[in-house]
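Enquirer: To start, I am sharing the structure in question, which I have written as C-alpha cells.
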Amino acid sequence: MTAHAPETPALVIDERVALANIARFQAHCDAAGLALRPHIKTHKLPLFARAQIAAGACGITVQKIGEAEVMADAGIDDILLTYNILGVDKLARLAAVARRVERFAVVADSAATVDGLGAAFAREDRPLTVLVECDTGAGRCGVQTPEAAAGLAARIDTTDGLAFGGLMTYPAPGGQSAVETFMRDAKALIEQAGIACPTITSGGSPDMWKSGGGTVVTEYRAGTYIYNDRSLVAGGACALDDCALTVEATVVSTPTPARAILDAGSKALSSDLLGLTGHGTILGHPDAAVVALSEEHAIVHTAGENEFAIGQRVAIVPNHACVVTNLFDFAWLKGEDGVLRRTDIAARGKLT
Ligand SMILES: Cc1ncc(COP(=O)(O)O)c(C=O)c1O
C-alpha cells in the first residue's frame, strides 16, 4: 500500500472504472443473450479474471499456455486458449493444465494441429474440446472457407482424445456481417454432417457495442473493454473517462518552452500506434502531443508555452492497453479510497 505517489513510470489502474467497465459490458451481453468470455491478455491479473466471472462471464480466454497455468493456479475453471499449439513440450504442458481445469478448450486451424492435439490427448481421461479457428477477414490464422471449417470439424470429431466444440474467429474491426455469413454457412455444413456445433465465439472490443441480437454467434470474447484505451476512444467505443489504465510519468526536462520530456518511453508506453498519430493522451492536456518515443523518453510538443514544469507528474492514456500491461512487473491498483495497492502482474511475459 502507498499513500504517496509511486516512482515513475508507474502503471496505475483505477479499480472503480475497471469494475464499471466489466459490469457495463456484462449487462450488454446478458441483454443480448451472448455468453461473455473475456480475454485476460489485457489485464493478466487473476483478481480481475475472478471479478469478470463473478460479474457473470462464462469463463476466460487466454493466448498462451503460461497464461492458462497462472489462471488455473488462481482457481479459474473454464478456459479457452485461442492459439494453435504445436510441439511435444507445449502439448505435454497443455495436457497437464487441461487436467487441472474443469472446462478447457483450444482452437486449431489445420490437420497438423488437430493431429498433434489428438496424439497428446489420446490417453487422457477426458477428451480435449477443440474449436475450429476461422479467418473471417482479419487475415491472421484460421481456415479460409466454411467448407474447410466443416472438413476440420469432421477430423476433430473422429480423432481419439478430442471433442469438437464449435467455431472461433477474431474478426477484423467492422467485420460482423462477414462473421455472420461465414459462421452460418460453416455451422450448416457441420450440422448436415451430423455433428453438433454448440459454440460460435467471436470477439473484439472495437465492435463490442454492435454485438448481439439475431446472430449465429453464441459467445463474445472482449479483452480491452476492461481498461479501454486511446484507440477505443478514437474509435468511439468509449470515452476518455472510461479508461481505467494510465501510465504515470514525470516531466524530467523542458528544453524549450514548447517541448517537455517525460520519463515514460517505449519501455513503458510501447511503440504501438494502432493507426493513431502520437503515443498517448496526457490527461488534462488535450492539446499536448506525445510526438515521439525513445526507450526512456517521451517527447511532448505543447500548443502553448511553458505548459509543463520540471518535476510535474502526468497521467497518460496509452494507445493500446494490452501491450502496456505486458511491459510492467506490477501495477498500482487505485481503490475507491484513493489508496494505491501494488499487485504483481502474474501472467505478464508469458511467451510460451
Ligand atoms: C483471439 C482473440 N480473442 C479476443 C481478443 C480480444 O480483443 P479486444 O482486446 O479487441 O477486446 C483478442 C485480442 O487480441 C484475440 O486475439
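The values are calculated or read from the model by the stated rules, or taken from the named source; none is laboratory data. Note that the coordinates shown come from a computational prediction; the quantities given were computed from them, not determined experimentally. Backbone-built Cβ (ideal geometry, glycine too); neighbour counts: all protein chains shown. Accessible surface is based on the protein model in full, side chains and every heavy atom, while ligands, DNA and RNA are left aside. Shrake-Rupley method; radii C 1.70, N 1.55, O 1.52, S 1.80 Å.
Enquirer: Using 7 Å Cα-to-Cβ label points, what is the Thr145/Ala92 separation (nm, one decimal)?
Expert: It works out to 4.0 nm between the two label points.
Enquirer: To the nearest 500 deg cm²/dmol, what mean residue ellipticity at 222 nm is calculated for the chain from DSSP H runs of n ≥ 4 alone, each contributing -39,500 (n - 2.57), summed and divided by the residues? Numbers along the way, then the final one.
Expert: Numbers: 10 runs with 103 residues, N = 352.
Rounded to the nearest 500, the figure is -8500 deg cm²/dmol.
Enquirer: Now for a separate question. How much solvent-accessible surface does Ile40 expose, in Å² to the nearest 10, with a 1.4 Å probe and all protein chains in place?
Expert: 0 Å²
Enquirer: OK, next. Using only the alpha-carbon atoms, how far is helix 176-192 inclined from the longest principal axis of the chain? Give it as 0 to 90 degrees, nearest 10.
Expert: Taking Cα atoms only, the helix is inclined about 20 degrees.
Enquirer: For the chain, take the longest principal axis of its alpha carbons; what is the angle in degrees between that and the long axis of helix 15-32, to the nearest 10 within 0 to 90?
Expert: On a 0 to 90 degree scale, this one is about 40.
Enquirer: Same structure again: Excluding Gly265 itself, calculate the net charge of residues whose Cβ lies under 11 Å from the Cβ of Gly265, where each Lys or Arg counts +1 and each Asp or Glu counts -1.
Expert: Counting the neighbours of Gly265, the net charge comes to -2.
Enquirer: Compute the FRET efficiency between Asp241 and Arg342 as 1/(1 + (r/R0)^6), taking r as their Cβ-Cβ distance and R0 = 30 Å, and round to the nearest 0.05.
Expert: That gives a FRET efficiency of 0.75.
Enquirer: Using the charge dipole of segment 1-114 (Lys, Arg: +1 at Cβ; Asp, Glu: -1 at Cβ; taken about the Cα centre), state which of Ile85, Phe48, Val70 has its Cα farthest towards the positive end.
Expert: Towards the positive end, the residue furthest out is Ile85.
Enquirer: Here is a further query. Report the local net charge at Val216: Lys and Arg +1, Asp and Glu -1, summed over other residues whose C-beta lies under 9 Å from its C-beta.
Expert: On the way: positive: Arg184, Lys187; negative: Glu180.
Net of charged neighbours comes to +1.
Enquirer: Also: Whole number in Å², please: accessible area per residue of the chain, 1.4 Å probe, ligands, DNA and RNA not counted.
Expert: 42 Å²
Enquirer: State the antiparallel share, in %, of DSSP beta bridges confined to the chain, rounding to the nearest 5.
Expert: 50 percent
Enquirer: Next question, about the same structure. Per 0.36 nm of contour for each residue apart, how much would the distance between Asp73 and Ala292 grow if the chain were fully extended, relative to their Cα-Cα spacing? Before the final figure, lay out each step's value.
Expert: Working: separation 219, 0.36 × 219 = 78.84 nm, distance 3.97 nm.
Taking Asp73 through Ala292 to full extension adds about 74.9 nm, to one decimal.
Enquirer: Say each of Ala119 and Ser177 gets a label point 7 Å from the Cα, pointing the same way as Cα to Cβ; how far apart are those two points in nm?
Expert: Label-label distance for Ala119 and Ser177, simple model: 4.4 nm.
Enquirer: Probe 1.4 Å, all protein chains in place: accessible area of Cys58 in Å², nearest 10?
Expert: The value for Cys58 is about 50 Å².
Enquirer: Exactly which GluC sites (Glu not before Pro) in segment 202-311 are in a DSSP loop and have at most 14 other Cβ atoms within 10 Å?
Expert: Filter output for segment 202-311: Glu295, Glu305.
Enquirer: Per 20 Å bin from zero, what fraction in whole % of the C-alpha pairs of the chain is there, up to the bin with the longest pair?
Expert: 29, 52, 17, 1
Enquirer: Okay, next question. Please find the FRET efficiency linking Leu273 to Phe330, where r is the Cβ-Cβ separation and R0 is fixed at 25 Å, and quote it to the nearest 0.05.
Expert: 0.45
Enquirer: For segment 271-302 and segment 149-213, what is the separation of their Cα centres, given in Å?
Expert: Taking the Cα centre of segment 149-213 as reference, the centre of segment 271-302 is 39 Å away.
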